[in-house]
Amino acid sequence: MAVLSRIRAAAAALVVGLALSACGINNVPTLEEQAKGAWSEVQNQYQRRADLIPNLVETVKGYAKQEQDTLTKVTEARAKATSIKVDASTITDPEKFKQFQDAQNQLSGALGRLIAVSEAYPDLKSNQNFLALQSQLEGTENRIAVARRDYITAVRAYNTELRTIPGRWIAAILYPSAKPMETFTSAPENQTAPKVTF
């Protein structure tokens, strides 16, 4: 009799566990962890870019001494971008997220100007170190775009879960600290088409 009641209790626990997992009770933390993982990849790619910049600046320095202003702006933008403290709370704090995004956008703009400067120096453009660094930066920019896309997708799923039924109810009852996460937006200067003249 005791063995039979244990088997029934185990079977009942299994049925309850399966029913709860099927109703979406774990969706909020699962989606939150996926979004946090995607955010970590975004940070990883930005850090990769920041690590490449000092070598690029040093390579350009030797060829483009009169471009000191551009080099200084790149160095300052990198310093600002890496000085912003980023942690898990950044993705749920609109102000901190905007500071992070603005600093990264400023660094992207400074890097773009640095690469444009290189066009004026044929010796620099043919330097193997510069070409390798430029290629790595281009690859990293592509990785950043992919990481940001994946993060936006993960955040959209998480935020949707927090705003729709039954996820909204489950979050309110079981995960009251769950907050919507921020996503990247396009910089205002990217909203207008560039002017092309022939």
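Computed from the coordinates by the stated procedures, all read-outs in this text should not be read as laboratory data. Computed from a prediction, not measured in an experiment: that's the story for all the values here. When we count neighbours, we look across all protein chains shown, and the Cβ atoms used for this are built from the backbone with ideal geometry, even at glycine.
Of note:
- Computed from Cα positions, the angle between helix 2-22 and the longest principal axis of the chain comes to roughly 40 degrees.
- The convex hull built on the alpha-carbon positions of the chain has an orientation-averaged projected area of 17.0 nm².
- Lysine pairs in the stretch 28-183 with Cα atoms under 28 Å, if 8 or more residues apart or on separate chains: 24
- The chain: most fluctuating residue of Pro29, Pro54, Pro122 per GNM, C-alpha cutoff 10 Å: Pro122
- Relative contact order computed over the chain (Cα-Cα under 8 Å; 6+ residues apart), in percent: 33 percent
- Sequence-ordered 3J(HN,Hα) estimates for the stretch 29-40 from the Karplus curve with 6.51, -1.76 and 1.60 and θ = phi - 60° stand at x, 5, 5, 5, 5, 5, 5, 5, x, 5, 5, 4 Hz, glycine and proline given as x.
- Taking label positions 7 Å along the Cα-Cβ direction at both Glu58 and Lys80, the computed distance is 2.5 nm, reported to one decimal.
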